[in-house]
1. Report yes if VAL30 is within 13 Å of PHE80 (Cα to Cα) and assigned to a strand (DSSP E or B), otherwise no.
2. Any idea which of (1) on the phi < 0 side of the Ramachandran plot; (2) touching a strand residue (DSSP E or B) at 6+ places or on another chain (Cβ under 6 Å); (3) modelled with pLDDT of 95 or more is the one ARG67 doesn't satisfy?
3. Give the residue, chosen from PRO7, PRO82, that is loosely packed, with under 13 Cβ neighbours inside 10 Å, in contact (Cβ under 8 Å) with a residue 12 or more places away in the chain and within 12 Å of the chain's Cα centre (by Cα).
4. Filter the range 37-79 for residues that are assigned to a strand (DSSP E or B) and touching a residue at least 24 places away in the same chain (Cβ under 8 Å) and give the result.
5. Could you run through the range 36-79 and say how many residues are among the β-branched types (Val, Ile, Thr) and surrounded by fewer than 10 Cβ atoms within 10 Å (Cβ to Cβ)?
6. Could you count how many residues in the range 32-48 are touching a helix residue (DSSP H, G or I) at 6+ places or on another chain (Cβ under 8 Å) and either farther than 16 Å from LEU9 by Cα or modelled with pLDDT under 95 (or both)?
7. For residues that are part of a loop (DSSP other than H, G, I, E, B) and at pLDDT 95 or above, tally how many sit in the range 2-27.
8. Any residue that is closer than 19 Å to PRO71 by Cβ and of a type in the set (Val, Ile, Thr) - is there at least one of those in the range 47-58?
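The values are calculated or read from the model by the stated rules, or taken from the named source; none is laboratory data. These figures come from a predicted structure and were not determined experimentally. A quick note on method: Cβ atoms are made from the backbone with ideal geometry, for glycine too, and the neighbour counts reach across all protein chains shown.
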Amino acid sequence: MATVYIPVLMRDLTGGREQVNVTGRTVAQVIDALDAAYPGAKARLCDGDQLARSLAVSVDGVITRLRLYAPVQADSVLCFLPMIEGG
C-alpha cells in the first residue's frame, strides 16, 4: 500500500493521522481510495476531475507533472503540497 502524508488542513478528516496507507496504481486511484476511507478528501484535493490548481503532488520525492496520471507503486510515498507562486 502507498503511504500518503496528510496535509495539516486535512487531518480533521483522518482523525489527526499524519499519514495513511491506501492502494492505487495512479495518483487518481490513490485519491479515490483516500476518499473512500476518509470522505471529503477528494473534494479538498481535486477540482472536478483534476488535481486542484493550488496543489502539487510528490511521488517518491519527485514532483510529478503527470499529476493525477502519475504511476504509483505499492511502496510509494505521496505528498500533496501547496503550489508556490511568486513574482
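1. no
2. Among (1) on the phi < 0 side of the Ramachandran plot; (2) touching a strand residue (DSSP E or B) at 6+ places or on another chain (Cβ under 6 Å); (3) modelled with pLDDT of 95 or more, ARG67 violates only (1).
3. One residue alone meets the criteria, PRO82.
4. Correct list: LEU51, LEU55, ALA56, VAL57, VAL59, PRO71, VAL77, LEU78, CYS79.
5. Total meeting the criteria: 1.
6. Residues that pass the stated criteria total 1.
7. Number of matching residues: 12.
8. Yes, the range 47-58 has at least one match.
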